[in-house]
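Undergrad: Below: one structure in C-alpha cells.
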Amino acid sequence: MAFAEDSLLVYAGSASQPAAEEVGRLFEKEYGVRVNYIFGGSGYVLSQMIISRQGDVYFPGSSDYMELAKSKGVVFPET
C-alpha cells in the first residue's frame, strides 16, 4: 500500500478508532497532511505493519503489542 509523501499512515487498534480519527482530522486541518488509517485488532495491525514495512504511527490497544513491535524492529525502540 503506497501513499503520497505528504501523508501519514496510522495503524491503530479498533477501540481507538474514534479518537484516532478525531486527532487525524485536527492534524490534517492544522498541517495539510492527509492521514490514512488501518484499524483492527492490535495483533492484526501489527502483522500488517510487519508485512508491509510501511507506516508512521502504531497505536496498539496494549503495551504488550508495542513491546512486540519493538522486538520485530518495526517501531523505534525509544517509543
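Undergrad: Given C-alpha coordinates of the chain, what is the ratio Rg to Rh with the Kirkwood estimate of Rh? Write down the numbers at each step before the final one.
TA: Values: Rg = 12.2 Å, Rh = 12.8 Å.
Computed over Cα atoms, the ratio is 0.96.
Undergrad: Still on this model: For G61, enumerate residues with amide H under 5 Å from its amide H, sequence gap 5+ or separate chain, H modeled in the peptide plane.
TA: HN-HN under 5 Å from G61: G13, S42.
Undergrad: In whole Hz and in residue order, list the ³J(HN,Hα) couplings for segment 6-17 that follow from phi through the Karplus curve 6.51 cos²θ - 1.76 cosθ + 1.60, θ = phi - 60°; x for Gly and Pro.
TA: 9, 9, 10, 10, 10, 9, 8, x, 4, 5, 8, 4
Undergrad: Using the Karplus equation 6.51 cos²θ - 1.76 cosθ + 1.60 (θ = phi - 60°), what ³J(HN,Hα) coupling, rounded to whole Hz, does each residue of segment 23-29 give in order, writing x for Gly and Pro?
TA: So the Karplus estimates, Gly and Pro as x, are 4, x, 4, 5, 5, 4, 5 Hz.
Undergrad: Taking amide H positions as placed 1.01 Å from N in the peptide plane, with prolines and chain starts having none, which residues 5 or more places from V35, or on another chain, fall under 5 Å of its amide H?
TA: Close amide H contacts, sequence-distant or interchain: L8.
Each value in this text was obtained by applying a stated rule to the coordinates, not by laboratory testing. The shown structure was predicted, so the numbers you read here are calculated from the model rather than taken from an experiment.
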